[in-house]
(Lines give C-alpha, C1' and ligand atoms only; values in the text may rest on other atoms or scores of the structure.)
Protein backbone atom coordinates (compact mmCIF):
# COMPACT_ATOMS: atom_id res chain seq x y z
CA UNK A 1 0.00 0.00 0.00
CA UNK A 2 2.81 2.40 0.88
CA UNK A 3 4.67 1.64 -2.35
CA UNK A 4 1.54 2.10 -4.45
CA UNK A 5 0.75 5.35 -2.65
CA UNK A 6 4.27 6.63 -3.20
CA UNK A 7 4.21 5.77 -6.90
CA UNK A 8 0.90 7.58 -7.38
CA UNK A 9 1.27 10.55 -5.04
CA UNK A 10 4.96 11.51 -4.99
CA UNK A 11 5.15 12.53 -8.69
CA UNK A 12 2.04 14.66 -8.25
CA UNK A 13 3.43 16.34 -5.14
CA UNK A 14 6.71 16.97 -6.93
CA UNK A 15 4.88 18.46 -9.92
CA UNK A 16 2.94 20.82 -7.64
CA UNK A 17 6.11 21.93 -5.89
CA UNK A 18 8.57 22.17 -8.79
CA UNK A 19 6.60 22.03 -12.06
CA UNK A 20 3.63 24.30 -11.40
CA UNK A 21 3.88 25.90 -7.95
CA UNK A 22 2.44 26.80 -5.52
CA UNK A 23 1.70 23.34 -4.19
CA UNK A 24 -1.49 24.38 -2.38
CA UNK A 25 -3.24 26.01 -5.34
CA UNK A 26 -5.50 23.04 -6.05
CA UNK A 27 -6.41 22.74 -2.36
CA UNK A 28 -7.45 26.38 -2.20
CA UNK A 29 -9.28 26.06 -5.51
CA UNK A 30 -11.43 23.13 -4.41
CA UNK A 31 -11.89 23.82 -0.70
CA UNK A 32 -12.03 27.63 -0.77
CA UNK A 33 -13.18 28.40 -4.32
CA UNK A 34 -10.13 30.60 -4.94
CA UNK A 35 -8.51 30.21 -8.36
CA UNK A 36 -6.01 33.05 -8.29
CA UNK A 37 -2.45 32.44 -7.13
CA UNK A 38 -1.47 34.09 -3.86
CA UNK A 39 0.82 33.48 -0.91
CA UNK A 40 -1.81 32.73 1.71
CA UNK A 41 -1.73 29.29 3.38
CA UNK A 42 -4.61 26.91 2.69
CA UNK A 43 -6.19 27.12 6.14
CA UNK A 44 -6.32 30.91 6.12
CA UNK A 45 -7.77 30.96 2.60
CA UNK A 46 -10.53 28.47 3.50
CA UNK A 47 -11.52 30.38 6.63
CA UNK A 48 -11.57 33.70 4.77
CA UNK A 49 -13.73 32.27 1.98
CA UNK A 50 -16.35 30.94 4.38
CA UNK A 51 -16.37 34.19 6.34
CA UNK A 52 -16.91 36.12 3.13
CA UNK A 53 -20.01 34.15 2.06
CA UNK A 54 -21.40 33.81 5.61
CA UNK A 55 -23.70 30.96 6.70
CA UNK A 56 -26.40 31.59 4.12
CA UNK A 57 -23.92 31.64 1.25
CA UNK A 58 -22.20 28.49 2.50
CA UNK A 59 -25.51 26.61 2.70
CA UNK A 60 -26.41 27.80 -0.80
CA UNK A 61 -23.07 26.57 -2.15
CA UNK A 62 -23.52 23.14 -0.57
CA UNK A 63 -27.04 22.89 -2.01
CA UNK A 64 -25.58 23.72 -5.43
CA UNK A 65 -23.06 20.92 -4.97
CA UNK A 66 -25.78 18.34 -4.42
CA UNK A 67 -27.91 19.76 -7.25
CA UNK A 68 -24.89 19.48 -9.55
CA UNK A 69 -24.50 15.78 -8.79
CA UNK A 70 -28.10 15.29 -9.97
CA UNK A 71 -27.56 17.48 -13.04
CA UNK A 72 -29.78 20.36 -11.97
CA UNK A 73 -30.82 23.14 -14.32
CA UNK A 74 -27.71 22.93 -16.57
CA UNK A 75 -28.38 19.27 -17.38
CA UNK A 76 -32.05 20.04 -18.04
CA UNK A 77 -31.10 22.86 -20.41
CA UNK A 78 -28.60 20.66 -22.24
CA UNK A 79 -31.25 17.95 -22.56
CA UNK A 80 -33.71 20.44 -24.06
CA UNK A 81 -31.03 21.64 -26.46
CA UNK A 82 -30.24 18.07 -27.50
CA UNK A 83 -33.93 17.36 -28.16
CA UNK A 84 -34.26 20.57 -30.16
CA UNK A 85 -31.13 19.86 -32.22
CA UNK A 86 -32.25 16.30 -32.88
CA UNK A 87 -35.64 17.57 -34.03
CA UNK A 88 -33.90 19.95 -36.43
CA UNK A 89 -31.78 17.16 -37.85
CA UNK A 90 -28.56 18.40 -36.21
CA UNK A 91 -27.58 15.04 -34.72
CA UNK A 92 -23.96 15.99 -34.11
CA UNK A 93 -24.92 18.93 -31.89
CA UNK A 94 -27.49 16.75 -30.10
CA UNK A 95 -24.89 14.08 -29.36
CA UNK A 96 -22.45 16.75 -28.13
CA UNK A 97 -25.03 18.03 -25.62
CA UNK A 98 -25.77 14.52 -24.35
CA UNK A 99 -22.03 13.89 -24.01
CA UNK A 100 -21.64 17.05 -21.94
CA UNK A 101 -24.36 15.97 -19.54
CA UNK A 102 -22.86 12.49 -19.20
CA UNK A 103 -19.35 13.86 -18.73
CA UNK A 104 -20.13 16.43 -16.06
CA UNK A 105 -22.95 15.17 -13.84
CA UNK A 106 -22.86 12.03 -11.71
CA UNK A 107 -26.49 10.91 -11.75
CA UNK A 108 -27.17 11.51 -15.48
CA UNK A 109 -23.87 9.82 -16.34
CA UNK A 110 -25.38 6.47 -15.32
CA UNK A 111 -27.89 6.70 -18.16
CA UNK A 112 -29.94 3.54 -18.62
CA UNK A 113 -28.22 1.97 -15.61
CA UNK A 114 -30.33 4.16 -13.33
CA UNK A 115 -32.79 1.29 -13.44
CA UNK A 116 -30.39 -0.56 -11.10
CA UNK A 117 -31.48 1.04 -7.79
CA UNK A 118 -35.11 0.24 -8.59
CA UNK A 119 -34.12 -3.37 -9.24
CA UNK A 120 -32.39 -3.50 -5.86
CA UNK A 121 -35.55 -2.15 -4.24
CA UNK A 122 -37.48 -5.04 -5.81
CA UNK A 123 -35.33 -7.48 -3.84
CA UNK A 124 -37.44 -6.77 -0.78
CA UNK A 125 -40.42 -8.28 -2.59
CA UNK A 126 -38.65 -11.02 -4.49
CA UNK A 127 -37.16 -13.91 -2.54
CA UNK A 128 -35.42 -15.44 -5.54
CA UNK A 129 -32.84 -12.67 -5.81
CA UNK A 130 -29.23 -13.60 -5.15
CA UNK A 131 -28.44 -12.42 -1.59
CA UNK A 132 -24.72 -12.16 -2.34
CA UNK A 133 -25.19 -9.99 -5.43
CA UNK A 134 -27.91 -7.95 -3.78
CA UNK A 135 -25.73 -7.36 -0.72
CA UNK A 136 -22.82 -6.20 -2.88
CA UNK A 137 -25.08 -3.83 -4.84
CA UNK A 138 -26.45 -2.42 -1.59
CA UNK A 139 -22.93 -1.92 -0.26
CA UNK A 140 -21.93 -0.06 -3.45
CA UNK A 141 -24.92 2.26 -3.16
CA UNK A 142 -24.21 2.91 0.52
CA UNK A 143 -20.58 3.85 -0.20
CA UNK A 144 -21.64 6.06 -3.11
CA UNK A 145 -24.22 7.81 -0.94
CA UNK A 146 -21.72 8.41 1.86
CA UNK A 147 -19.11 9.57 -0.63
CA UNK A 148 -21.54 12.01 -2.24
CA UNK A 149 -22.43 13.51 1.12
CA UNK A 150 -18.75 13.95 1.99
CA UNK A 151 -17.99 15.29 -1.50
CA UNK A 152 -20.83 17.80 -1.44
CA UNK A 153 -19.87 19.13 1.99
CA UNK A 154 -16.12 19.22 1.31
CA UNK A 155 -16.01 21.24 -1.90
CA UNK A 156 -16.58 24.96 -1.45
CA UNK A 157 -19.42 25.00 -3.95
CA UNK A 158 -19.02 28.23 -5.91
CA UNK A 159 -18.83 28.05 -9.70
CA UNK A 160 -15.08 27.20 -9.94
CA UNK A 161 -15.40 24.57 -7.18
CA UNK A 162 -18.50 22.49 -7.81
CA UNK A 163 -19.15 18.76 -7.80
CA UNK A 164 -18.81 17.85 -11.46
CA UNK A 165 -17.40 14.38 -12.06
CA UNK A 166 -13.88 15.34 -13.04
CA UNK A 167 -13.22 17.22 -9.76
CA UNK A 168 -14.23 14.27 -7.60
CA UNK A 169 -13.13 10.71 -7.02
CA UNK A 170 -13.73 8.35 -9.93
CA UNK A 171 -14.45 5.68 -7.33
CA UNK A 172 -17.96 7.12 -6.96
CA UNK A 173 -19.16 6.70 -10.58
CA UNK A 174 -17.39 3.34 -10.82
CA UNK A 175 -19.06 2.01 -7.68
CA UNK A 176 -22.39 3.44 -8.83
CA UNK A 177 -22.05 1.56 -12.12
CA UNK A 178 -21.10 -1.64 -10.27
CA UNK A 179 -24.07 -1.32 -7.93
CA UNK A 180 -26.49 -0.76 -10.81
CA UNK A 181 -25.17 -3.67 -12.86
CA UNK A 182 -25.00 -6.14 -9.98
CA UNK A 183 -28.40 -5.01 -8.70
CA UNK A 184 -29.96 -5.80 -12.07
CA UNK A 185 -28.13 -9.12 -12.16
CA UNK A 186 -29.30 -10.06 -8.69
CA UNK A 187 -33.00 -9.48 -9.29
CA UNK A 188 -33.46 -9.94 -13.05
CA UNK A 189 -30.53 -12.11 -14.23
CA UNK A 190 -31.44 -12.62 -17.88
CA UNK A 191 -33.03 -9.21 -18.40
CA UNK A 192 -30.12 -7.58 -16.58
CA UNK A 193 -27.60 -9.15 -18.93
CA UNK A 194 -29.35 -7.91 -22.06
CA UNK A 195 -30.13 -4.53 -20.53
CA UNK A 196 -26.53 -3.87 -19.48
CA UNK A 197 -25.34 -4.96 -22.94
CA UNK A 198 -27.74 -2.46 -24.53
CA UNK A 199 -26.56 0.29 -22.17
CA UNK A 200 -22.93 -0.50 -23.03
CA UNK A 201 -23.61 -0.36 -26.76
CA UNK A 202 -25.44 2.94 -26.35
CA UNK A 203 -22.49 4.39 -24.45
CA UNK A 204 -20.12 3.14 -27.15
CA UNK A 205 -22.27 4.72 -29.87
CA UNK A 206 -22.37 7.98 -27.90
CA UNK A 207 -18.62 8.39 -27.44
CA UNK A 208 -17.00 6.74 -30.47
CA UNK A 209 -18.01 9.26 -33.17
CA UNK A 210 -15.58 12.14 -33.63
CA UNK A 211 -17.83 15.16 -33.94
CA UNK A 212 -15.26 17.94 -34.24
CA UNK A 213 -11.90 16.46 -35.36
CA UNK A 214 -8.89 18.68 -34.89
CA UNK A 215 -7.06 19.75 -38.06
CA UNK A 216 -4.40 17.26 -39.12
CA UNK A 217 -5.76 14.41 -37.00
CA UNK A 218 -7.04 11.03 -38.19
CA UNK A 219 -8.07 7.61 -36.91
CA UNK A 220 -5.15 5.45 -35.80
CA UNK A 221 -5.60 1.87 -37.08
CA UNK A 222 -3.17 0.52 -34.49
CA UNK A 223 -5.08 2.25 -31.67
CA UNK A 224 -8.35 0.80 -32.99
CA UNK A 225 -6.85 -2.70 -33.03
CA UNK A 226 -5.45 -2.31 -29.51
CA UNK A 227 -8.76 -0.97 -28.18
CA UNK A 228 -10.65 -3.86 -29.78
CA UNK A 229 -8.16 -6.35 -28.32
CA UNK A 230 -8.51 -4.78 -24.86
CA UNK A 231 -12.30 -4.93 -25.08
CA UNK A 232 -12.16 -8.56 -26.21
CA UNK A 233 -9.82 -9.44 -23.35
CA UNK A 234 -12.13 -7.79 -20.85
CA UNK A 235 -15.12 -9.71 -22.20
CA UNK A 236 -13.22 -13.00 -21.98
CA UNK A 237 -12.20 -12.35 -18.39
CA UNK A 238 -15.60 -11.01 -17.30
CA UNK A 239 -17.61 -13.83 -18.86
CA UNK A 240 -15.24 -16.76 -18.32
CA UNK A 241 -16.61 -19.93 -16.78
CA UNK A 242 -15.56 -19.94 -13.11
CA UNK A 243 -16.34 -23.66 -12.78
CA UNK A 244 -12.66 -24.59 -13.01
CA UNK A 245 -11.99 -22.83 -9.70
CA UNK A 246 -14.82 -24.64 -7.96
CA UNK A 247 -17.19 -21.66 -7.99
CA UNK A 248 -20.69 -22.07 -9.39
CA UNK A 249 -21.28 -21.03 -12.97
CA UNK A 250 -23.41 -17.98 -12.19
CA UNK A 251 -23.45 -16.83 -15.81
CA UNK A 252 -25.00 -20.05 -17.05
CA UNK A 253 -27.44 -20.04 -14.15
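Things to note:
Okay, residues lined up against (1) over 22 Å from the mean Cα position of the chain (by Cα); (2) closer than 25 Å to residue 28 by Cβ; (3) not in a helix (DSSP H, G or I):
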site	(1), (2), (3)
46	yes, yes, no
81	yes, no, no
92	yes, no, no
97	no, no, no
107	no, no, no
119	no, no, no
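- Qualifying residue in the range 129-142 (condition: assigned by TED's automatic domain parsing to the domain that holds residue 27 and on the phi > 0 side of the Ramachandran plot): no
- Some residue of the range 59-77 being more than 18 Å from residue 165 (Cα to Cα), assigned by TED's automatic domain parsing to the domain that holds residue 163 and either modelled with pLDDT of 95 or more or touching a helix residue (DSSP H, G or I) at 6+ places or on another chain (Cβ under 8 Å) (or both): yes
- Residue match in the range 209-222 (condition: assigned to a helix (DSSP H, G or I) and surrounded by 10 or more Cβ atoms within 10 Å (Cβ to Cβ)): no
- Checked against (1) touching a helix residue (DSSP H, G or I) at 6+ places or on another chain (Cβ under 7 Å); (2) over 30 Å from residue 239 (Cα atoms), residue 150 passes all but condition (1).
- Yes/no for residue 157 being outside any loop (DSSP other than H, G, I, E, B), surrounded by 14 or more Cβ atoms within 10 Å (Cβ to Cβ) and modelled with pLDDT of 90 or more: no
- Test: residue in the range 19-26 that is farther than 27 Å from residue 110 by Cβ and in contact (Cβ under 8 Å) with a residue 24 or more places away in the chain: no
- Residue count for the range 8-41, restricted to those that are loosely packed, with under 10 Cβ neighbours inside 10 Å, in a helix (DSSP H, G or I) and at pLDDT 90 or above: 0
The values are calculated or read from the model by the stated rules, or taken from the named source; none is laboratory data. All figures in this text were calculated on a predicted structure; none of them were measured in a lab. Backbone-built Cβ (ideal geometry, glycine too); neighbour counts: all protein chains shown.
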